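In what follows, a single structure is set out as structure tokens and then discussed.
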Number of protein chains: 4
Amino acid sequence: MQLGIVGLGKMGGNMRDRLRAGGHTVVGYDQNQEISDSTSLADMVDQLGGEQRIVWLMVPVQAIDAVLKDLTPLLKAGDIVIDGGNTRWSEDGPRAAALAASGIHFLDCGVSGGVWGKDLGYALMVGGPAEVVETCLPIFQTLKPDGEHGYVHAGDHGAGHFAKMVHNGIEYAVMQAYAEGWELLEAADTVTDHVPAIFESWQDGTVIRSWLLELLVRALKADDDLSEIRGYAEDSGEGRWTVEAAIDMAVPVPAISSALFARFTSRQEDSPAMKMIAAMRNQFGGHAVMPETED
Amino acid sequence: MQLGIVGLGKMGGNMRDRLRAGGHTVVGYDQNQEISDSTSLADMVDQLGGEQRIVWLMVPVQAIDAVLKDLTPLLKAGDIVIDGGNTRWSEDGPRAAALAASGIHFLDCGVSGGVWGKDLGYALMVGGPAEVVETCLPIFQTLKPDGEHGYVHAGDHGAGHFAKMVHNGIEYAVMQAYAEGWELLEAADTVTDHVPAIFESWQDGTVIRSWLLELLVRALKADDDLSEIRGYAEDSGEGRWTVEAAIDMAVPVPAISSALFARFTSRQEDSPAMKMIAAMRNQFGGHAVMPETED
Amino acid sequence: MQLGIVGLGKMGGNMRDRLRAGGHTVVGYDQNQEISDSTSLADMVDQLGGEQRIVWLMVPVQAIDAVLKDLTPLLKAGDIVIDGGNTRWSEDGPRAAALAASGIHFLDCGVSGGVWGKDLGYALMVGGPAEVVETCLPIFQTLKPDGEHGYVHAGDHGAGHFAKMVHNGIEYAVMQAYAEGWELLEAADTVTDHVPAIFESWQDGTVIRSWLLELLVRALKADDDLSEIRGYAEDSGEGRWTVEAAIDMAVPVPAISSALFARFTSRQEDSPAMKMIAAMRNQFGGHAVMPETED
Amino acid sequence: MQLGIVGLGKMGGNMRDRLRAGGHTVVGYDQNQEISDSTSLADMVDQLGGEQRIVWLMVPVQAIDAVLKDLTPLLKAGDIVIDGGNTRWSEDGPRAAALAASGIHFLDCGVSGGVWGKDLGYALMVGGPAEVVETCLPIFQTLKPDGEHGYVHAGDHGAGHFAKMVHNGIEYAVMQAYAEGWELLEAADTVTDHVPAIFESWQDGTVIRSWLLELLVRALKADDDLSEIRGYAEDSGEGRWTVEAAIDMAVPVPAISSALFARFTSRQEDSPAMKMIAAMRNQFGGHAVMPETED
């Protein structure tokens, strides 16, 4: 098929490569002209010609509305816009409605796979009307991994990003599970020096074998006690949204939230809450506090 | 090699089969004579002959001391006892010392793989002196999975069961992660009816692909909304020991403990703590309480 | 002073009583004419006369916008509206701005005290401009408790409801703390039959003495093992908002969120997440599941 | 009454003062002769004379067995030993049995009150046989606070320390609740600069008024943003034991454990678990890690 891609960063650029390798015609647009196939959004749309056009957005979340403002007038009724970014699912419905006012179709597509996706394929979770999804299926078929799975039509508008959000929420807690286990093994005299070997062995035959475990083993091969890495973890939004969605639906998510909070804590120089704990202990028990300057 | 196995239940029996298929000579003993290869522990030891004997224990944790009391006098210096059960790691050191008084060697071996182990192999985590481990290596090689991994010498006495314990602690939290994600998807109108398909798709290309995810998909294929299963989860000890070990070493394990507590709660008819919450709300706010008889 | 109160339910009605006992002139309005002092909002405003009018809203959160739509045209520039309900703090700023367009002042006031407030006074947390707060001070002075504390100007628009929200978030976790402790004591053979006496004794001299502890003791005096109360706890919104605000500001709140999740769980007939845990255990270990019909 | 006190540190010394002020005759013994009333345990026992002797131990947990080894031969059948230290409850039963072999009675007494106890009285939770408790009642009556409450006979051997342990477990979570709330308020622009005033106001009329809240307010009066205190919190054992007891009895304690884990985390220079999270994120997403040396 033929499609445009707006945003040719790490993800968008790799997807362009994978799509072209799969035989599709891709016209990319990026503000960085060195990697762009077109000089402007208008030029990209022109190059796509007069037939039904498909435009895949792979831009930062904050940029989507600006892109759509410029792109919408360039498109015609029947064209399709796919948002493949890390958008909050609740924004998809309103955007679909806004585009529908111009007769333009909209799909939301959650994408997993990170830097491995170009070679191994991207897991895709798509939301939107079945007939529009059907039209774009050849694109999804090329992007997805070679295996039997890795693609799903998850429901109507927002369902793709919702499924991806929950995927990431699960991911947070699974990572936290391995991280806690690693910290515990590292702390135990009993298994000293055998920790990397233990994790490596777990890759076959155990209940907890997984792709994340394989990545963990790779990380330990590069730095066997992670002494070169600081215990500082960002979060990219989906974890927060997962907990918020859970709260909204009264679903208890203690493991996912504990993973999120552990990341928050990791980014604090000094925990305000623990200052207060120390202050209260000092008040009732005369327990010494550590002065801030000792840090 | 030649070895005895004490305890021929689901695990021990399957391991006997796998070992025999691998060319080893196994003399099993079980209280249930219908499945036993020997009439008594003494008979089993007799059949093993006068050379260095290896006896693998695959009995319930509570039965180990009783078996060792009967078995020890039947063995001679240089013989090897391997505990392959779900023993608490802290018991291994004292048992090794007690057997060492008779010149008998001891290994602890954590085993993962469940009902799948017979065919796919068992992941093994072994604790004990290197030379004793070396002697038993042919047995471990047969029991382990075919892949490159699945076996590790994790350290000295107790290290095998310690590694297995942490494996299970991680397992608790990983399962909790998927379970929370599933509950959230089930609760969301956005993805209604697509939940099993979403999980199925995640098996390729996602960050959270794993063996447990595959098992989860199998479970949903058998019962797509789990309407036939009650939300009641046992725990087998290792999760508790993991949290206790973490507390002992001042290692924070919020995800693992939340998984453990969720299982505790699942087994309560009615939460005592929540009775108290309801009672306090009633006291300060006049909020209605639900009478217990409504249950 | 003179003021109108819209909403004369449990809270609004008691506040009217306390204000009148404190010498204020109160014109109440409620849809229920039997308890109303006025036949309509317009009648209420008429009765307040032509001077600067103060109207205190004590209506359900969902009703506020409807009330304001009717009330605003009846007021004149310089009048003051105080929202004393359990409003989400983020709604205060926009409402203040909307009223400001008509020259009407707005204050938000978080109120704590429950059914005890009429006699003991209500703790008040007020948000809004200092000069408007100053004007209404006599009202706050009458409503607040007799002690030295119990009233605070917490900041500009939204600060009153924000402070009240955090108060309730803390309350959730404090209640959870006592509830966990009570469950633990109830479960321990060591202190059998002494549990109510233990809590009663804690009211003096301990680090954990508090008003909630006193309420807990009252609850145990009425039902010494809470056998008549079901472990079912509602949540009223502030706990959810607290966790959401924390997530928004990357503040870890593990205790508050665990209290919230415990309430969510208490309202589930059967935990979906635990169904999935049971299903996965069955898949890998052959562990029996409990059929849903056993419930 | 007449009694001996072994250990005259901060707690033991203050208790001696309070008991003497209450009319009791106290013979204290401490290794530090400058504060001791006796030159040795034997001298202390001698000074107590030949009647039924009562000896109160107020020594560090690790020292108790050594003291008892020396003290037991000096006592006679019918004498009473009271352990007022922060002993783990499970050690009380065996110690009571050991002393019973010499006909010596034993009581365990959990003590709360910290540095405030000398003036305000100590909350006491006593375990042991009723008749022995009865004999010592005048001592407890003097030590306890003046109010109606503050003393309880909590059950047989171990019950006093068990109740105190749960008290401290609750205390951990209550402190965590306030600490999370404080951190949240500190983080919010809405209430900037009003945080100490908000907490001060909460001391009257709110649902969360408590003694700990009053201590918190004192702490903020001394250092209004706690800028001089480091977020570093010790734990003294009872919190750990509470979670372990809960695990042993399958009681979910998410709030108490989260408070414990937050303290563990506060003492880590860098979180090992978060190193692993960062390492895995880098592996799958190419997310940058922060080098340890930036610390």
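The values are calculated or read from the model by the stated rules, or taken from the named source; none is laboratory data. This is a predicted model, so every value here is computed, not measured. Cβ placement follows ideal geometry from the backbone for every residue including glycine, while neighbour counts extend to all protein chains displayed. Please note that ligands, DNA and RNA were not included when accessible areas were found on the heavy atoms of the full protein model with its side chains. Shrake-Rupley method; radii C 1.70, N 1.55, O 1.52, S 1.80 Å.
Taken over segment A:63-84, residues that are open to solvent by 10 Å² or more (accessible area, probe 1.4 Å) and either at positive phi or within 24 Å of the chain's Cα centre (by Cα) (or both) amount to 6. Of all residues in segment C:248-295 being among the acidic types (D, E) and under 25 Å from B:P291 (Cβ atoms), which is farthest from the other protein chains (Cβ to nearest Cβ)? Looking at the filtered set, the residue picked out is C:E269.
Starting from segment A:60-71, keep only residues that are assigned by the TED database to the domain that holds A:D83, then list their pairs with residues that are open to solvent by 90 Å² or more (accessible area, probe 1.4 Å) whose Cβ atoms are within a distance under 8 Å, requiring at least 6 positions of separation or different chains. Filtered contacts from segment A:60-71: no entries. Selection of segment B:1-39 for residues being open to solvent by 40 Å² or more (accessible area, probe 1.4 Å) and part of a loop (DSSP other than H, G, I, E, B) yields B:M1, B:G9, B:G22, B:G23, B:Q31, B:N32, B:Q33, B:E34, B:I35, B:D37, B:T39.
Given the criteria within 7 Å of another protein chain (Cβ to nearest Cβ), touching a residue at least 40 places away in the same chain (Cβ under 8 Å) and either open to solvent by less than 10 Å² (accessible area, probe 1.4 Å) or within 21 Å of the chain's Cα centre (by Cα) (or both), does B:F162 qualify? Here the answer is yes, as B:F162 does meet what is asked.
Would you point out the residue of segment A:130-145, among those that are out of contact with any Leu (no Cβ under 8 Å at 6 or more places or on another chain) and not β-branched (V, I, T), that is surrounded by the most Cβ atoms within 10 Å (Cβ to Cβ)? So that I can check it myself, show each step before the final result.
Keep residues of segment A:130-145 that are out of contact with any Leu (no Cβ under 8 Å at 6 or more places or on another chain), which gives A:130-131, A:134-135, A:137-138, A:141.
Then drop every residue that is not not β-branched (V, I, T), which leaves A:130-131, A:134, A:137-138, A:141.
Working: A:A130: 10, A:E131: 8, A:E134: 10, A:L137: 13, A:P138: 16, A:Q141: 11.
Step by step, filter segment A:130-145, then rank; the result is A:P138.
Taking the condition part of a strand (DSSP E or B) and modelled with pLDDT of 95 or more, does C:G78 pass?
On the way: part of a strand (DSSP E or B): no; modelled with pLDDT of 95 or more: yes.
No.
If you scan segment D:99-129, which residues turn out to be more than 12 Å from every other protein chain (Cβ to nearest Cβ), part of a strand (DSSP E or B) and open to solvent by less than 10 Å² (accessible area, probe 1.4 Å)? Give the steps one after another, and end with the answer.
Step one: of segment D:99-129, the residues more than 12 Å from every other protein chain (Cβ to nearest Cβ) are D:99-107, D:109, D:129.
When the remaining residues are screened for being part of a strand (DSSP E or B), the result is D:105-107, D:109.
D:F106, D:L107, D:C109, listed by residue number.
Out of curiosity, is B:A219 more than 7 Å from chain A (Cβ to nearest Cβ) and either under 22 Å from the mean Cα position of the chain (by Cα) or open to solvent by 10 Å² or more (accessible area, probe 1.4 Å) (or both)? Against the criterion (more than 7 Å from chain A (Cβ to nearest Cβ) and either under 22 Å from the mean Cα position of the chain (by Cα) or open to solvent by 10 Å² or more (accessible area, probe 1.4 Å) (or both)), B:A219 qualifies.
Of the residues making up segment B:177-216, those that are open to solvent by 10 Å² or more (accessible area, probe 1.4 Å), touching an Asp or Glu at 6+ places or on another chain (Cβ under 8 Å) and not polar (S, T, N, Q) are B:E186, B:P196, B:D204. Residue check, A:G150 against (1) open to solvent by 10 Å² or more (accessible area, probe 1.4 Å); (2) touching a Ser or Thr at 6+ places or on another chain (Cβ under 7 Å), all met but one. Which one? A:G150 satisfies every listed condition except (1).
Among the residues of segment A:186-215, which ones are more than 7 Å from every other protein chain (Cβ to nearest Cβ) and under 17 Å from D:A279 (Cβ atoms)? Result: A:V195, A:P196, A:F199, A:L213, A:E214.
Do we find a residue being in contact with a helix residue (DSSP H, G or I) (Cβ under 6 Å, 6 or more places away or on another chain), more than 30 Å from D:T265 (Cα to Cα) and open to solvent by less than 40 Å² (accessible area, probe 1.4 Å) anywhere in segment B:230-253? So far as segment B:230-253 goes, yes, one or more of its residues are in contact with a helix residue (DSSP H, G or I) (Cβ under 6 Å, 6 or more places away or on another chain), more than 30 Å from D:T265 (Cα to Cα) and open to solvent by less than 40 Å² (accessible area, probe 1.4 Å). Quick check, is C:V174 open to solvent by less than 20 Å² (accessible area, probe 1.4 Å) and free of Cβ contacts under 8 Å to residues at least 40 places away in the same chain? In short, yes.
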